[in-house]
Structure formats: structure tokens, C-alpha cells
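The values are calculated or read from the model by the stated rules, or taken from the named source; none is laboratory data. These numbers were taken from a predicted model, which means no experiment stands behind them. Don't worry about glycine lacking a Cβ; one is built from the backbone with ideal geometry, like all the others, and counts go over all protein chains shown.
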Amino acid sequence: MIYRNKGSRSTRAGFGEGLLESGILSGEVVALGADITASTGVNLFATQYPGRFFSLGIAEQNGAGVAAGLALGGKIPVFTTYAVFSAMRTLDQIRVSVCYNNLHVVIGGAHAGISVGPDGATHQALEDIAVMRSLPGMSVFSPCDATQARILTRMAILDCSGPVYIRFGREAVPDFTGEELETVPGKAQILRPGNHLTLISTGHMVWEALGAAAILARSGINARVINIHTIKPIDRMAIIEAAQETGFLATIEEHQVEGGLGSAVAEIVVSEVPVRMEMIGIPGCFGESGQPAELLGKFGLTSTQLAVRIERAFRDRENQP
Amino acid sequence: MDLIKTSYYIRGLIIKMLASAGSGHTGGSLGLADVFTSLYFNTINHNPDNPGDPLRDRVILSAGHVAPVLYATLSAAGYFDVSELFTLRKFGSRLQGHPARDKRLPGIETSSGSLGQGLSIAVGMALAARLNNQNFRIYSIHGDGELQEGQIWEAAMSAAHYKLSAITAIVDCNGLQIDGPVDRVMNLSPLRDKWASFGWNVLECDGHNHNEIQACFKLASQNTEAPSVVLAHTKMGKGVYTIENDNRWHGKAPNPEEATEFLCQLNESLKIELSKNQEKS
């Protein structure tokens, strides 16, 4: 199947729609805001259900704790702000009040990744996956486009139990998956078959990975593309099979290489099917201001750059004795 | 009279369980025994035989390190057998060093131990109760040093903003923390004014006088406009007179010899309290 861009939209817009749909389907859903409800997409819900929306101001630590209290009171709270704040400023509150109590709290992380752009390093969440996936009991979702963000948000809220972190971005990106692609939490999606190597990606980078695979095909390299929309619990079998069947994996993410998707994949690969991996992401540094395309270019995250780097690594491996 | 005896019974349990554990927080646990006794034996709506009753009043121990006073009170109230207190801090116990909800000890509403988080949970519970049209009260218990955490004041702002009068916060004002006097480690005064300026109904009492404590709880429950805070003035180590107001006993447990001595002191203190009480009445 060839995926086409059906019109670019942001994953935050998909999140806002998924939250609203959940609110329509269940009266127990409540949303918490930390002043930036319009830019996180929460305003859709807040406008429709003002009685179930609580503005808590620029006070994220309290916000995470209030969410825990609402869950203890039988509600399904969704606490959303920029990922740098919702996943990291509140880390201890999420660890103790939410996770240690094993509460079904959905934490939305907006403006994740380097593609946030001009706001610069303080607002570019590049460590949230590493931090959130290390917490006991926490599920971590990272949808690849607006449609998947909407579907996964609804599932995170209504179908999951325990704490869930869902990460999404600011920029409009190609909306390509569509309703017909079945999205099941914990189940990786093979978006493109291939037997020479596998590109494993998440979030906005999945579209770039598909582009890279198309470029690699012109060089005779048949790349499988896997979308990991659920980073935890991760689909072990999809990764083991990719390692067994293709023998070379490249992980691609808008996140620090240390601790992110690549690390999650490597944890499985080293114990099950040790194969060579190329881990692509942010190489242990802060971001900076710039247009999203400029920043993706700086870190080699555009499809053309990815194809060049992956082909080189793949050929190097082939030339090794 | 009975409440005084009960609070000393709880103090005795605290000493015994801490001596058995070999570590834990003695001073603050002893200091809060009267507040806990008044709360569980004369104030809250609860049923130890049905700890999951949706309409029960909630008690959140935000200052999780004084877990011994919570455990001892719960067992004295009948939530579980007193003998289980001697598993405190031991491997496999439901009585973790700090309260752990996942161990399913009856009466534990929330895990705690990282200071400053309980008041936010109380705010969330109060908002949920309002949406559910439930009228129970929520008591969150804090140390005075704990108020140095910024999250407390974020939570205080939000409780007043939403006029959550179902909340009664209790501050154990013993003036001491691990490094020394609170006003030297990081001054909180004027504490009454701080809470009042955040929009709270501020009440103060002698935290060892049951009549005063209960009068505060009653006044708090009658306020329908604002959350209430009770500044309970206590002595760390109350009842064991050789360690009263000695912050070295914040995080230390008595050894067996000390425990025997402390239990004797508790007996003497109880007798003095009872005779003082008789003189008054």
C-alpha cells in the first residue's frame, strides 16, 4: 500500500478531537488545563464541556496531583500542557501521585520534538519518551499523524487502564494513515514491507521514514517501515521479526538518541536477535530556534538525509567481513 | 477522657512498632497522636468494616514519613489487627516505610512520602466529589516543614479558586525539621497570614487539646465558602518528655532499652494528663 498525504494537519489537532470524542462518549472524562489550552487542542473539550474542564493556571506540579485526586474520585482526568512541562517539570508528581497509586490518568505532551521550531530549546521536548517510559506502569503513545492522534487519544482515555502518556507535535504534518489502517495500542504497524533492512520510527518522523524508504528503493534497497505508535508496552514480536528477517535496523525519532525509541528497540534486539542498528535522533544536545525544516535539516532528519545516512551504514555493514 | 487514653494507647503502639522496625520517624508520629485520635475517634464519618464506602470522609497523609501514627490509629480503630503493626518497614509488609496504596492496607487513601503532594490530591478529590454530588469531607495532613514545597502553595491557590470548602488541611506545627528549627532552615512566618492571603479559612489550636482540635474541625465543616486550614501547635515527641522538642528524634527509632523507658514515660504522662483533665472538669 502506498500512503498519500490527505492534507497536512497537526497531531495536536488530532489530540483535541480525540479528547472531545472521549468526552462525548463518557461523562467521566474531565480535562485539566495549564493556561495554554488553545495551543494544546484542549479548548475543543473545554468549550463543549465547561463543567468538566478545570483551569489550574501555570502550576503544572499541582495539575498532575489534581489529576491523581480526580482519578481517585472516579473520574478519567486528562492533563495536558507542553511536553517539557507535563512530562518533565512534573516528574516526581507523576511518579508518586499518579504511577505509584497506579491511577488511570492521561498525560498529554504537546509540542514534542525539535519541530516546535522558533521557541527554541526550552520548549522542545527531546527527553520525554526516555523519562516517561522508565516509570513503572506507564504506557507511552506517540502517534504519527492527526488521524492516528485522534484514534489513540480516544483509546488512551476510554480503553486503557493505568497511567498513559501521549506525545504530539505542533506543526502540521502529512495526514496519511486514514481510518482504514487499524490502530491497536501495543501493536506496531508495518507500513511498508521490505527484506533488506527495517526503518523503525515514531511520531512525525514516520512520514520521513516512508520518504526515505522510497529513496532507498531507487538504490535497490528494499526497506521495511514500521510505525511504533506505542513505545511502551512495545511490540516485541514486530521488532524481533524485523531483526531476524532484515538483519539491519535504523531507528528514527525526534528525541534524544539516549533513552528514546532507539534505546527501547535496542533493549529487545540485544537480548533476542543481536543485529547492527543505526540509531538516529538528537545526538545528546539541546535544540535551538529556527524553522522546523531548518532544524530537521540540522539534525539530519529529512527523508533525503535519512536515506543517505542509512544507505551508507547499510553498505558499511555489508562490506564488513 | 477516653480520647486521652486512646491517644496514649496509640503512642504506645507507635513506640512498640518503631522499636520492632528499628528505623522510622518517632517525633512527628508521637506529636500527631492527639490530632489523629480526635480525627478518627470523634470527627470523621468512616466505617473500618467498609473502608471502600464511597461516602466516607477521606484522610490523606501528605507527610508520609509519620506513617506510624496513621497505621497505629487505623489498627486501633479496627481497620486491621494490631499485631500487623509489628511488620512495619519489614520485607513483604503492607506497612511500608511510607504509605503505599498498592499494598492494599485498609484505610490508606493514597501513597505518599514525597512531600508536598497530598493537598493537590485533596483538590482533585474535592472536584470529583463536587461533580459526583457527594458531600464527604477531605482531610489532608501536612508537616510545617513540608509547607516549604512550592506545590503546596499551587494547591492552596487552586483550592481557594474553586472554593473547595470540603477540604480541611491540618498542619502539624511543631516548629522543627531534620536540620533544625523551621524558622532557621527556611522561615514560614507569618504562616497564618500566608494561608489567609491565599483565601483560606485559618483556624489554630493546641494540637494536644482534643476540645480545641474538634472545635476547629467543626468550624471548618461549617464554612461553605472556602477551604479551611487548622494550624495545630504540637510538640514533637509529645508524651515522652525526655525527647520532646528534640529534632534529633525526627527520623530515629528507639532501641529496645529506649522503648522500655519511653513506654514508662508515656504512662507517667498519661497519668498527669488525666489528673489535669479531672481538675478542669
Across segment A:159-172, the tally of residues that are crowded, with 24+ Cβ neighbours inside 10 Å, over 25 Å from A:Val96 (Cβ atoms) and hydrophobic (A, V, I, L, M, F, W, C) stands at 1
Can you report the number of residues in segment A:218-273 which are crowded, with 16+ Cβ neighbours inside 10 Å, more than 18 Å from the chain's Cα centre (by Cα) and of a type in the set (A, V, I, L, M, F, W, C)?
9
Boolean, B:Leu131 is within 19 Å of B:Gly28 (Cα to Cα) and modelled with pLDDT of 95 or more
no
Among the listed residues B:Asp193, B:Asp206, which satisfies the condition of being in contact (Cβ under 8 Å) with a residue 24 or more places away in the chain and surrounded by fewer than 16 Cβ atoms within 10 Å (Cβ to Cβ)?
B:Asp206
Selection status of B:Thr224, assigned to a loop (DSSP other than H, G, I, E, B), among the β-branched types (Val, Ile, Thr) and under 27 Å from B:Ile152 (Cβ atoms):
yes
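Would you check if A:Leu199 is touching a residue at least 60 places away in the same chain (Cβ under 8 Å), closer than 10 Å to A:Gly18 by Cβ and either in the same structural domain as A:Val131 (by TED's automatic domain parsing) or more than 14 Å from the chain's Cα centre (by Cα) (or both)?
Working: touching a residue at least 60 places away in the same chain (Cβ under 8 Å): yes; closer than 10 Å to A:Gly18 by Cβ: no; either in the same structural domain as A:Val131 (by TED's automatic domain parsing) or more than 14 Å from the chain's Cα centre (by Cα) (or both): yes.
For A:Leu199, the condition - touching a residue at least 60 places away in the same chain (Cβ under 8 Å), closer than 10 Å to A:Gly18 by Cβ and either in the same structural domain as A:Val131 (by TED's automatic domain parsing) or more than 14 Å from the chain's Cα centre (by Cα) (or both) - is not met.
Does any residue of segment B:196-204 turn out to be polar (S, T, N, Q) and within 25 Å of B:Thr43 (Cα to Cα)?
Let us first name the residues in segment B:196-204 that are polar (S, T, N, Q), namely B:197, B:201.
Remaining after also requiring within 25 Å of B:Thr43 (Cα to Cα): B:201.
Yes, some residue in segment B:196-204 is polar (S, T, N, Q) and within 25 Å of B:Thr43 (Cα to Cα).
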Pair list, Cβ under 7 Å, 6 or more apart: segment A:54-83 residue outside the structural domain of A:Arg95 (by TED's automatic domain parsing), other residue at pLDDT below 95 and not in a loop (DSSP other than H, G, I, E, B)
none
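I'm trying to understand the selection: among the residues of segment A:121-137, which are under 18 Å from A:Val164 (Cβ atoms) and not hydrophobic (A, V, I, L, M, F, W, C)? Even if it seems obvious, please write down each step before you answer.
Here is the first cut: in segment A:121-137, the ones under 18 Å from A:Val164 (Cβ atoms) are A:125, A:128-137.
Passing the criteria: A:Asp128, A:Arg133, A:Ser134, A:Pro136, A:Gly137.
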Being assigned to a loop (DSSP other than H, G, I, E, B) and either among the polar types (S, T, N, Q) or modelled with pLDDT under 95 (or both) narrows it down to one of A:Gly203, A:Gly178, so name that one.
A:Gly178
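Return yes when B:His46 is touching a Phe, Trp or Tyr at 6+ places or on another chain (Cβ under 8 Å) and part of a loop (DSSP other than H, G, I, E, B) and no when it is not.
Details: touching a Phe, Trp or Tyr at 6+ places or on another chain (Cβ under 8 Å): yes; part of a loop (DSSP other than H, G, I, E, B): yes.
For B:His46, the condition - touching a Phe, Trp or Tyr at 6+ places or on another chain (Cβ under 8 Å) and part of a loop (DSSP other than H, G, I, E, B) - is met.
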Could you tell me which numbered condition A:Ile114 fails, if it satisfies all but one of (1) under 19 Å from the mean Cα position of the chain (by Cα); (2) crowded, with 19+ Cβ neighbours inside 10 Å; (3) facing chain B (nearest Cβ under 10 Å)?
(3)
Positions within segment B:13-59 being farther than 27 Å from B:Ala126 by Cβ, among the polar types (S, T, N, Q) and surrounded by fewer than 24 Cβ atoms within 10 Å (Cβ to Cβ), in sequence order:
B:Ser20, B:Ser23
Of the residues in segment B:130-153, those that are crowded, with 24+ Cβ neighbours inside 10 Å and within 8 Å of chain A (Cβ to nearest Cβ) come to B:Gln151
Keeping to segment B:78-127, report how many residues are surrounded by fewer than 21 Cβ atoms within 10 Å (Cβ to Cβ), part of a helix (DSSP H, G or I) and more than 10 Å from chain A (Cβ to nearest Cβ).
6
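Can you find, within segment A:39-91, the residue that is farthest from the other protein chains (Cβ to nearest Cβ) among those that are hydroxyl-bearing (Ser, Thr, Tyr) and under 18 Å from the mean Cα position of the chain (by Cα)? So that I can check it myself, show each step before the final result.
Just the residues of segment A:39-91 that are hydroxyl-bearing (Ser, Thr, Tyr), to begin with: A:39-40, A:47, A:49, A:55, A:80-82, A:86, A:90.
Subsequent filtering for residues that are under 18 Å from the mean Cα position of the chain (by Cα) retains A:39-40, A:80-82, A:86.
Working: A:Ser39: 21, A:Thr40: 19, A:Thr80: 15, A:Thr81: 13, A:Tyr82: 17, A:Ser86: 15 Å.
Step by step, filter segment A:39-91, then rank; the result is A:Ser39.
Would you mind stating whether A:Gly33 is closer than 18 Å to A:Ile76 by Cα and either modelled with pLDDT of 95 or more or in the same structural domain as A:Ala213 (by TED's automatic domain parsing) (or both)?
Working: closer than 18 Å to A:Ile76 by Cα: yes; either modelled with pLDDT of 95 or more or in the same structural domain as A:Ala213 (by TED's automatic domain parsing) (or both): yes.
Criteria met by A:Gly33.
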Please verify whether A:Glu278 is loosely packed, with under 15 Cβ neighbours inside 10 Å and either at negative phi or of a type in the set (A, V, I, L, M) (or both), treating the condition exactly as stated.
no
Before we move on, is B:Ile152 assigned to a helix (DSSP H, G or I), touching a His at 6+ places or on another chain (Cβ under 8 Å) and not small (Gly, Ala, Ser)?
yes
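Can you tell me which residue among A:Ile280, A:Ile226 is touching a strand residue (DSSP E or B) at 6+ places or on another chain (Cβ under 6 Å), within 28 Å of A:Asp119 (Cα to Cα) and either assigned to a loop (DSSP other than H, G, I, E, B) or at pLDDT 95 or above (or both)?
Numbers: A:Ile226 fails: within 28 Å of A:Asp119 (Cα to Cα).
Criteria check complete, one pass: A:Ile280.
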